[in-house]
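Please read the structure below before turning to the comments.
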Number of protein chains: 2
Amino acid sequence: MTVSLAEIRRSSGEVFTEGCPTRVVLDHIMSKWGVLVLLALTDGTQRWGELRREVQGISEKMLASTLRTLEADGLVSRTSYPEVPPRVEYALTDLGRELMQHMLPLVQWVAVHAGDIVPVEADAAAS
Amino acid sequence: MTVSLAEIRRSSGEVFTEGCPTRVVLDHIMSKWGVLVLLALTDGTQRWGELRREVQGISEKMLASTLRTLEADGLVSRTSYPEVPPRVEYALTDLGRELMQHMLPLVQWVAVHAGDIVPVEADAAAS
DNA sequence: TGGGTAGCTTACTTCAAAGTGGGTACCCTC
DNA sequence: GAGGGTACCCACTTTGAAGTAAGCTACCCA
């Protein structure tokens, strides 16, 4: 095992308690849409419309809100081009790529094992 | 970069959408108390009361609920001893340890970088 | 002038995660 | 009998993430 909670606390103090930066960041990146937007951007730079289609089910309101949050966190960059119709591109920043290097192994593990962990009912619920 | 969303989708189908097993598991392990309980158990087997003290701020209701969920997921094991007062011990299962091997690098990275990502106000809010 | 586009914002509503306050069973000590 | 302990449960309430519906901007085209 790499580290323990005790070791994390030794080096970073109290973590993941309500309202502290670590909990806030976790909530941002693991939120209903945050994880999907970050994963989509792992594939490369995308425009708003592309993200909208890639992340199925998301409303424009939630896409805007999620991107705003991740941009404020410095994990995603926004580049707007003075064109008509408007073209805005989103991409992971260096920090965002670094984050995904640590996040992808977990997300992949969950993708592979979720079927063993949660009963098929959850699957049915999603149908 | 290890994998992308496209690759995860190729191998596991639609992931992290509302209600599907992957999203449910993520919600369990990243919930307000789930992440702290799992981290606490990374330090080793613990009794109910020990967990209660280790995970500061958690109510008995939420400790019971969180442990019930993680036990149902097969990530945590519960061993009850026929003693008085009652003694119940919780530990990570093999699957739970495997999960933490993938979760700890992310959690550690977030602990180290959260201060750069989220403004100090969040810190103040936690005070 | 009315049509279109992409990319957003806002006011209000919904609902599930989490919290509160009360309770239980059993044994021990005083 | 009354107080303490551990390890939970339950009915009800709160609250914030997410959803809905409507709207907006800036520009181009016929």
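It is to be established whether one or more residues within the range A:6-29 are at negative phi, among the aliphatic types (A, V, I, L, M) and in contact (Cβ under 8 Å) with a residue 24 or more places away in the chain. Looking for residues that are at negative phi, among the aliphatic types (A, V, I, L, M) and in contact (Cβ under 8 Å) with a residue 24 or more places away in the chain, one finds at least one in the range A:6-29, hence yes. Counting only residues that are closer than 15 Å to A:Gly44 by Cβ and within 11 Å of chain B (Cβ to nearest Cβ), the range A:71-103 holds 5 of them.
The numbered conditions (1) more than 7 Å from chain B (Cβ to nearest Cβ); (2) within 21 Å of B:Val24 (Cα to Cα); (3) crowded, with 23+ Cβ neighbours inside 10 Å are all true for A:Val25 except (1).
Residue-by-condition table, conditions (1) more than 15 Å from the chain's Cα centre (by Cα); (2) of a type in the set (D, E, K, R); (3) open to solvent by less than 60 Å² (accessible area, probe 1.4 Å):
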{"residue": "B:Arg47", "(1), (2), (3)": "yes, yes, no"}
{"residue": "B:Arg52", "(1), (2), (3)": "no, yes, no"}
{"residue": "B:Ile58", "(1), (2), (3)": "no, no, yes"}
{"residue": "B:Lys61", "(1), (2), (3)": "yes, yes, no"}
{"residue": "B:Leu75", "(1), (2), (3)": "no, no, yes"}
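Of the residues in the range A:1-11, how many are in a helix (DSSP H, G or I) and either among the β-branched types (Val, Ile, Thr) or open to solvent by 20 Å² or more (accessible area, probe 1.4 Å) (or both)?
Matching residues across the range A:1-11 total 6.
Only one of B:Val37, B:Val3, B:Val15, B:Val24 is closer than 27 Å to A:Leu92 by Cβ and within 12 Å of DNA strand C (Cβ to nearest atom). Can you tell me which?
Numbers: B:Val37 fails: closer than 27 Å to A:Leu92 by Cβ; B:Val3 fails: within 12 Å of DNA strand C (Cβ to nearest atom); B:Val15 fails: within 12 Å of DNA strand C (Cβ to nearest atom).
Selected residue: B:Val24, the only one of B:Val37, B:Val3, B:Val15, B:Val24 that is closer than 27 Å to A:Leu92 by Cβ and within 12 Å of DNA strand C (Cβ to nearest atom).
Taking helices (runs of 4 or more DSSP H) that fall entirely within the range B:12-120, which contain at least 3 residues that are at pLDDT 95 or above and either out of contact with any helix residue (DSSP H, G or I) (no Cβ under 7 Å at 6 or more places or on another chain) or not basic (Lys, Arg) (or both)? Spell out how you get there, then give the answer.
On the way: elements: B:21-30, B:34-42, B:48-54, B:60-72, B:94-117.
Fully inside the range B:12-120 and qualifying: B:21-30, B:34-42, B:60-72, B:94-117.
Restricting to the range A:29-60, name every residue that is in contact with an Asp or Glu (Cβ under 6 Å, 6 or more places away or on another chain) and either more than 7 Å from chain B (Cβ to nearest Cβ) or of a type outside the set (A, V, I, L, M) (or both). Residues satisfying the conditions are A:Thr45, A:Arg47.
For A:Ile58, the test of being within 15 Å of B:Met30 (Cα to Cα) and either in contact (Cβ under 8 Å) with a residue 60 or more places away in the chain or more than 10 Å from DNA strand C (Cβ to nearest atom) (or both) is failed.
The values are calculated or read from the model by the stated rules, or taken from the named source; none is laboratory data. Computed from a predicted model, the values in this text were never measured in an experiment. Because the Cβ atoms are built from the backbone with ideal geometry, glycine has one as well, and the counts that use them run over all protein chains shown. Remember, those area values only see protein heavy atoms, side chains included, never the ligands or the DNA or RNA. Shrake-Rupley method; radii C 1.70, N 1.55, O 1.52, S 1.80 Å.
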